[in-house]
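Peer 1: Here it is: the structure, laid out below.
The values are calculated or read from the model by the stated rules, or taken from the named source; none is laboratory data. As the structure is a prediction and not an experimental result, all values here were calculated from the model. All Cβ positions, glycine included, derive from the backbone under ideal geometry; neighbour counts span all protein chains shown. What goes into the accessible areas is simple: the full protein's heavy atoms, side chains included, and nothing from ligands, DNA or RNA. Shrake-Rupley method; radii C 1.70, N 1.55, O 1.52, S 1.80 Å.
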Amino acid sequence: MINKLTEKIKKTHAPICVGLDPMLSYVPKQVQETAFKEYGETLEGAAEAIWQFNKAIIDATYDLIPAVKPQIAMYEQFGIPGLVAFKKTVDYCKEKDLVVIGDIKRGDIGSTSSAYAVGHLGKVQVGTKEYAGFDEDFATVNPYLGSDGVNPFIDICKKEKKGLFILVKTSNPSSGEFQDQLINGRPLYELVGEKVAQWGADCMGDEYSYIGAVVGATYPEMGKVLRKIMPKSYILVPGYGAQGGKGKDLVHFFNEDGLGAVVNSSRGIIAAYKQEQYAEFGEANFADASRKAVETMVADIDGALTALK
């Protein structure tokens, strides 16, 4: 799957992914009203609204991008109907040949970790048959519990040829409370980065490992250090746009080949119609606003990388 992600990035010249993280407040009124007319103001109605919202954005952007990153919490808040919308979104993205990064941030041990890995990346045994549950291509994993939490995911990834993005240095302001603490004079995030490189060395695709890392766009200097520590790992970079990251700040997350990173933008793209620069599109054309936001982001990052050459 890392080979597919790399090839799609080369083809699109777009080292980005769209974060499909729909809050109901992002969904235009006309989409909500249509869903509520059919299902009422219920969890089913909310789930239908976010599914239709996602579908419109996917239809408007899939030819420009290599990957999407649905954040499962945005769906879980609507209970079982929300999870159905999550699954429909994953399946539809795969129909469009997009790489799907399931942003699930799981972290547990033993059989529990294995069950998470099977549910999201693998296949579950039911009698004589096997079924893929959510069937994403990558998953995000919290490494706080150490190898006991990560290895069950790696085992499934080896079997299914899928991948992981392991949290190393996250984009939120309080991440340093733990991640920046010094251990023998070195910040914890560096030690986690070394462990990711170690895990990844045993899981190589053609050019890159399928064990990657999450490093926030809000910490470009740390990204520079971690890029050297994990030369063969893809870095998933959240925090672009809405959290302040810009293309010129992100060049150090990439290798000299212009690969090795995929930058995520969520509300900056899916709620683009609410921003002043895309206001001309209005609520009725929200998906066209998202397409324009993707084009702007691709130009920003591609331009910054080209300037380095």
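Peer 1: Name, by its number, the condition in (1) buried (at least 19 other Cβ atoms within 10 Å of the Cβ); (2) over 18 Å from Lys69 (Cβ atoms) that does not hold for Lys161.
Peer 2: (1)
Peer 1: Taking Asp108, is it among the charged types (D, E, K, R), at pLDDT below 95 and over 17 Å from the mean Cα position of the chain (by Cα)?
Peer 2: When the stated conditions are applied, Asp108 passes them.
Peer 1: List the residue pairs whose Cβ atoms are under 9 Å apart, where the first residue sits in the stretch 4-32 and is within 16 Å of Ala73 (Cβ to Cβ), the second is open to solvent by 70 Å² or more (accessible area, probe 1.4 Å), and the two are 6 or more positions apart or on different chains.
Peer 2: Gly19/Arg267; Asp21/Arg267; Met23/Gln77; Met23/Arg267; Leu24/Gln77; Tyr26/Arg267; Tyr26/Lys274
Peer 1: Pro143 versus (1) at pLDDT below 95; (2) farther than 16 Å from Lys69 by Cβ; (3) surrounded by 18 or more Cβ atoms within 10 Å (Cβ to Cβ): which is the lone unmet condition?
Peer 2: Every listed condition holds for Pro143 apart from (1).
Peer 1: Right, next: Given the conditions (1) among the hydrophobic types (A, V, I, L, M, F, W, C); (2) out of contact with any Cys (no Cβ under 6 Å at 6 or more places or on another chain); (3) open to solvent by less than 60 Å² (accessible area, probe 1.4 Å), which single one is not true for Val262?
Peer 2: (2)
Peer 1: I need the strands (runs of 3 or more DSSP E) fully contained in the stretch 86-187, keeping only those with at least 3 residues that are closer than 30 Å to Glu221 by Cα.
Peer 2: Qualifying strands (runs of 3 or more DSSP E): 99-106, 138-141, 163-169.
Peer 1: Out of curiosity, is Glu136 of a type in the set (Asp, Glu) and open to solvent by 80 Å² or more (accessible area, probe 1.4 Å)?
Peer 2: Taking the combined requirement at face value, the residue does not satisfy it.
Peer 1: Same structure, new question: Would you check which residues across the stretch 77-98 are open to solvent by 10 Å² or more (accessible area, probe 1.4 Å) and closer than 14 Å to Phe134 by Cβ and list them?
Peer 2: Ile80, Leu83, Val84, Lys87, Lys88, Asp91, Tyr92, Lys94
Peer 1: Looking at (1) crowded, with 24+ Cβ neighbours inside 10 Å; (2) out of contact with any Phe, Trp or Tyr (no Cβ under 7 Å at 6 or more places or on another chain); (3) modelled with pLDDT under 90, which one does Gly223 not meet, given that it meets all the others?
Peer 2: Gly223 satisfies every listed condition except (2).
Peer 1: Sort through Asp257, Asp288 and tell me the only one that's part of a loop (DSSP other than H, G, I, E, B) and either open to solvent by 60 Å² or more (accessible area, probe 1.4 Å) or within 14 Å of Ala217 (Cα to Cα) (or both). Before you say what the answer is, go through the steps one by one.
Peer 2: Working: Asp288 fails: part of a loop (DSSP other than H, G, I, E, B).
Answer to the check: Asp257.
Peer 1: Before we move on, is Gly200 under 22 Å from Arg106 (Cα atoms) and without any contact (Cβ under 8 Å) to a residue 60 or more places away in the chain? First the steps, then the outcome.
Peer 2: Numbers: under 22 Å from Arg106 (Cα atoms): yes; without any contact (Cβ under 8 Å) to a residue 60 or more places away in the chain: yes.
In short, yes.
Peer 1: To continue, here is another question. Could you look through the stretch 27-76, keep only residues that are of a type in the set (Ser, Thr, Tyr) and over 23 Å from Asn285 (Cβ atoms), and pick out the one that is most open to solvent (accessible area, probe 1.4 Å)?
Peer 2: Among residues in the stretch 27-76 that are of a type in the set (Ser, Thr, Tyr) and over 23 Å from Asn285 (Cβ atoms), the one most open to solvent (accessible area, probe 1.4 Å) is Tyr39.
Peer 1: Which residue pairs have Cβ atoms closer than 9 Å, lie 6 or more positions apart in sequence or on different chains, and pair a first residue in the stretch 106-135 that is free of Cβ contacts under 8 Å to residues at least 60 places away in the same chain and over 19 Å from Tyr210 (Cβ atoms) with a second residue that is open to solvent by 70 Å² or more (accessible area, probe 1.4 Å) and in a helix (DSSP H, G or I)?
Peer 2: Asp108/Tyr116; Asp108/Asp148; Ile109/Asp148; Gly110/Asp148
Peer 1: Okay, next question. Condition test on Glu44, is it assigned to a helix (DSSP H, G or I), touching a residue at least 24 places away in the same chain (Cβ under 8 Å) and among the acidic types (Asp, Glu)?
Peer 2: Against the criterion (assigned to a helix (DSSP H, G or I), touching a residue at least 24 places away in the same chain (Cβ under 8 Å) and among the acidic types (Asp, Glu)), Glu44 qualifies.
Peer 1: Collect the residues in the stretch 265-285 that are in a helix (DSSP H, G or I), open to solvent by 10 Å² or more (accessible area, probe 1.4 Å) and either closer than 26 Å to Asp206 by Cα or not basic (Lys, Arg) (or both), keeping them in residue-number order. Quick ask: steps written out before the conclusion?
Peer 2: At the first step, the residues of the stretch 265-285 found to be in a helix (DSSP H, G or I) are 267-270, 272-274, 276-281, 283-285.
If we keep only those that are open to solvent by 10 Å² or more (accessible area, probe 1.4 Å) too, we end up with 267-268, 273-274, 276-281, 283-285.
Of everything in the stretch 265-285, those that are in a helix (DSSP H, G or I), open to solvent by 10 Å² or more (accessible area, probe 1.4 Å) and either closer than 26 Å to Asp206 by Cα or not basic (Lys, Arg) (or both) turn out to be Gly268, Tyr273, Glu276, Gln277, Tyr278, Ala279, Glu280, Phe281, Glu283, Ala284, Asn285.
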